[in-house]
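Novice: Have a look at this one.
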Amino acid sequence: MKRALPILLALAALGLAAGCGHLDLQSVGNSDHVLTGTVELANPVPLPPDAVLVVRVIDPSPPPPPTPLATSAAPKVTYPPEMVGEQTFKNLGPAPYPFRVAYNADDDALRRGLRIEALISFGGRLQYSNLSQFMVDLDDAGDPQQIVVGKR
C-alpha cells in the first residue's frame, strides 16, 4: 500500500500536467466595441453646411506580425498606426456633436491604449482637430468620451 500511494500521486500529477497542454493563450475579451461621446468646439461658431466630422479610433502601436524566426539580433521595426474604427458625420448642425463609432480591438490593444481623433473639415480643408490627445483603454472602453476640437 505504501508503494502504491506514490505511484498514484505521480499518475495524478501526470494527468493534470497533460490536461494543461492545450491552454488557449489568446487575448480574451470582446473584440467588437463601441465608442460613444460628444465632440465640442473650443470656440463655438456655426459651421458651414458642407462641414464633415470624422471620428477615428487608432491603435498607435499595433503589435508586429508574427515571424517564424524571431531573434534578438533582429532590428527593431516600428509599425504604422492602425485605424480600428471610423465614422463620418455630415449635416452637423449646432455643437456639441454626439458620436458612436464601432471599433475592433482586443484586450491587448486596449491595455496599450487607443487614440481617439476627431477632425472637422469644410471647404476642402481640415479646419478643426483635437486640442489634446484623447485615449481609451481597458478601464474606460465603455465610458462616454468628451472631445474638444480647436481651429488648426
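Novice: I'd like the Karplus ³J(HN,Hα) series for segment 49-62: coefficients 6.51, -1.76, 1.60, θ = phi - 60°, whole numbers in Hz, and an x wherever there's a Gly or Pro.
Specialist: Using θ = phi - 60°, the values come out as x, 8, 5, 10, 9, 10, 10, 10, 10, 10, 8, x, 9, x Hz.
Novice: Return the distance in nm (one decimal) between the two label points of a simple spin-label model at residue 121 and residue 45, each offset 7 Å from Cα along Cα→Cβ.
Specialist: Placing both labels 7 Å beyond Cα along the Cβ direction yields 1.9 nm.
Novice: Right, something else. Given H placed on each backbone N at 1.01 Å, which residues far from residue 145 in sequence or on other chains put an amide H within less than 5 Å of it?
Specialist: Answer set, sorted by chain and number: 36, 37, 38.
Novice: Set the Förster distance to 25 Å, then compute FRET efficiency between residue 107 and residue 52 from the Cβ-Cβ distance, nearest 0.05.
Specialist: The computed FRET efficiency comes out at 0.20.
Novice: Still on this structure: Using θ = phi - 60° and the Karplus relation 6.51 cos²θ - 1.76 cosθ + 1.60, list the HN-Hα couplings for segment 113-118 in order, rounded to whole Hz, with x at every Gly or Pro.
Specialist: x, 10, 8, 10, 10, 10
Novice: How far apart, in nm, are the 7 Å Cα→Cβ label points at residue 151 and residue 138?
Specialist: My value for the distance between the label points is 4.3 nm.
Novice: Residues in segment 119-152 near a label at residue 87, defined as backbone nitrogen under 14 Å from the 7 Å Cα→Cβ point?
Specialist: Within reach of a label on residue 87, which here means backbone N under 14 Å from a point 7 Å along Cα→Cβ, segment 119-152 contributes 119, 142-147.
Novice: Return the sequence-ordered ³J(HN,Hα) values of segment 137-142 in whole Hz as given by the Karplus equation 6.51 cos²θ - 1.76 cosθ + 1.60 applied to θ = phi - 60°, using x for Gly and Pro.
Specialist: Residue by residue, segment 137-142 yields 9, 4, 6, 10, 4, x Hz.
All of the numbers you see were taken from the coordinates with simple rules; none came from a lab. Source: prediction; values computed, not measured. So basically every Cβ, Gly included, is an ideal-geometry build from the backbone, and we count neighbours across all protein chains shown.
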